Amino acid sequence: MVSARTINRIFSPILSGLNHIFFRPVTIKYPFEKSYNIPDSNYRFDPKEGIAYPGYRGRHILYLDKCTGCGACDRACENISEAISMVHGYDLSLKLSEDAYNNLKHEGEVAKAFKLLLEPFSGESKSIEKREDIYTIRLNTDPLFEYRYEVLYENLLENPFHRLIKNGWSIDLVEHKPVESARFKISKEAYVIELSIEKRDFGIKQNKRSIFPAIDYGRCLPPWTPVFTLDGIKPIQEVKVGDLVLTHTGRFKKVTHVFERSYTGLLYTFKTLGNVEPLTVTEEHPILTYIMGTMRWVLPRQISYRTYLVRSIPLETLQLERLMFYHEQYHLTGRGGCTTLLYNELTPSPDLMRLIGYYIVEGTADSYGVSFDIGEEKRDLVEEIIVASKNIFREKISIKLNHSSEGLKLVIDSVEVMDFFKQFGTRSDQKHLPNWALLMPVDLQRELIRAIYLGDGYYSNNHRSYMYSDYFVIRTTSRILANQLPYILARLGVVASISLQKHSSGENCYTIKIHKPFIEKMASIVGVKVKNGGSNSQYNIKMVDDRIIISPVIDINVNYVHNFKVYNLEVEEDQSFIASNQIVHNCVFCGFCVDACPFYALEMGPSYELSSLEREELFYTPLMLANKFFETYPPETTWSEKTVMLIRRFK
């Protein structure tokens, strides 16, 4: 029989939805609905008067006849979103002799080469001209925009050229003018094809270099990319609106939107020193770097080996007065039993933090209680765990001999204790820290780190003729915990690196190492007497101003993908987040580029039609920005939606 509670769960959402039919919605379907409270004009700035006029901050609008190519908008976007780049327009063409052109028409060797060269251009030539027995075939009608022609070569010609060489063709660069033009000679036997890349002159007097701004609205990450949230690391595809993510300011900010789309283009993957999470981004996604003592947002193609990438240190502190948790208590009744939820709270203390640390490295939990597996070499921890458990939970501990490890097994048979510790994970590979532990006061975090080190860490100080080791080590099989601990150590002034090894059992084993010059700081935390010694040159992971950690790029891979699903996040205020332990960014529609333009060449209009299934369609070229009006089509509306809109109109 269906209970009243079940019926309420089913019909309550339906009644709530019906009730909201009679309320005017907060949003409008612009441009098919208008609001008199919003100005129907562009956002623009008058540099002479120094006044910004109110209007929409949507898609950018470029006036080509006013643009001088000064790059002020590009510089205004630096270190904010890096969405603007100054680009030239290029034309690509092929020149063939009459013999080569006849071979092309008769499907000979030239025709096969011609087909390969046309593949990046949708397989169709745009126009053919004949002048003095030379046929000129133009490959594009609108100019192809890039900041230098070498990028066009890499994206459009490099792959066809490799295939032509395999087919017996020889290719020579016969002319090269940086930024301006290039000419390639493609030959096989008696046939010669000349391919030219030339910068287009737009004939605008005040812009002699013919360079204009282009804007990229789409920067995304693959679905597996780990994002550092207050609840631990999550693949970006599992991040939801409302999650708190760490930003470049060291604060946790709320995710306001999650974008998902298909992408065709290049993916850049960067591996940094001391980081087991490689960062993979689309080719136009800004990444925060540390160059010559300053932080700068750059594009992936601008990053090289030993470029320093940046991650922030959490700077917020959560003042803990009580730790609250619930546990289930079972009650016997006449026909079986029932459970009730009981509220509990604990006072954060050094003893509690150390007990949590011991559980994280040595503990497990099941349905009935918690156990600590203490190895033979760690028996000095037994007394501390017994005393802390008795003082905090008022529970007795039974001590058993662990035959598999020749150590001791400390068991607390208590559902209440189990319910508290299960928030840290029940198995070794699932261990993690809850959000309050990442931001609690540093004096409590010191005790937590100390216990984790005493439970599963050691100090190596071996002097050999062939090797000198001087570092602290903490080991864990949990990927989440391995990524969380360096952030807590950074709050304590210690920089750590992470490496990954395969255990003999097949499990992943993460090693967290602390090298010089942070040996003394770590020693003071864990209670070991050591000193920094020798050279610090081997340690290239650095802390800057106690706010950020920088580490150099040690590996770069570039791959081409087609219709590949990628994601991006919109984050309130800061518009950045930590992905794969590095800081990335996206466009924020701030309007600074409009304010910086001294020649009235840039405005922001009311168009927001920036969604696309293809990555290339989110890159707005100067000609697209110069088109003030975009065709927009209203969404299909059913008869029920029309009825609802009619009711709302009278509210």
Just grab the label-to-label distance for A111 and V241, each label 7 Å out from Cα along the Cβ direction, in nm (one decimal).
-> 5.6 nm
Potential lengthening between S398 and K271 on full extension [0.36 nm per residue; Cα-Cα distance subtracted] | 41.0 nm
E572: accessible area at probe 1.4 Å, nearest 10 Å²?
-> 70 Å²
The alpha-carbon center of the stretch 541-582 and that of the stretch 235-252 are separated, in whole Å, by 13 Å
Compare the Cα positions of T269, H285, T256 along the charge dipole of the stretch 245-289 (+1 at Cβ of Lys, Arg; -1 at Cβ of Asp, Glu; about the Cα centre) and return the one farthest towards the positive end.
-> T256
What is the Å³ per residue value for the convex hull set by the Cα atoms of the stretch 361-496?
-> 136 Å³
Subtract the Cα-Cα distance of Y600 and E158 from 0.36 nm times their separation in residues, and report this length gain in nm to one decimal.
-> 155.2 nm
If we restrict to alpha carbons, what Rg and Dmax does the stretch 130-191 come to, in Å?
-> 13.3, 36
Could I have the simple spin-label model distance between V544 and D46, label points 7 Å from Cα toward Cβ, reported in nm to one decimal?
-> 4.1 nm
Could you tell me the distance between the Cα centroids of the stretch 349-368 and the stretch 182-221, to the nearest Å?
-> 63 Å
The orientation-averaged projected area of the Cα convex hull of the stretch 235-333, in nm², is 12.0 nm²
Accessible surface of D380 in the full protein assembly, 1.4 angstrom probe, to the nearest 10 Å²?
-> 120 Å²
FRET efficiency, E119 to L492 (Cβ-Cβ, R0 41 Å, nearest 0.05) = 0.15
Estimated Rh, the stretch 241-284: Kirkwood, alpha-carbon pairs, angstrom | 13.1 Å
For the stretch 343-404, taking Cα atoms only, what is the radius of gyration to one decimal and the Dmax to the nearest whole Å?
-> 12.0, 38
Label-point separation in nm, R306 to D99, each point 7 Å along Cα→Cβ | 5.1 nm
With all protein chains present and a 1.4 Å probe, how do H285, H432, H503 order by accessible area, largest first?
-> H503, H432, H285
Å³ per residue of the Cα convex hull, for the stretch 117-248?
-> 209 Å³
Counting only protein chains, not ligands or nucleic acids, how are C70, C597 ordered by accessible area (probe 1.4 Å), most first?
-> C70, C597
Round to a whole angstrom and tell me the spacing of the C-alpha centers of the stretch 126-169 and the stretch 383-457.
-> 66 Å
Please work out how much length the chain gains when fully extended from E316 to N508, using 0.36 nm per residue of separation minus the C-alpha to C-alpha distance, in nm with one decimal.
-> 66.0 nm
P(r) of the stretch 431-505 in 5 Å steps, Cα pairs, percent per bin?
-> 3, 13, 23, 25, 17, 10, 6, 3, 1, 0
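The values are calculated or read from the model by the stated rules, or taken from the named source; none is laboratory data. In this text, all values refer to a predicted model and were calculated from it rather than measured experimentally. Every residue, glycine among them, receives a Cβ derived from its backbone with ideal geometry; neighbour counts consider all protein chains shown. Remember, those area values only see protein heavy atoms, side chains included, never the ligands or the DNA or RNA. Shrake-Rupley method; radii C 1.70, N 1.55, O 1.52, S 1.80 Å.
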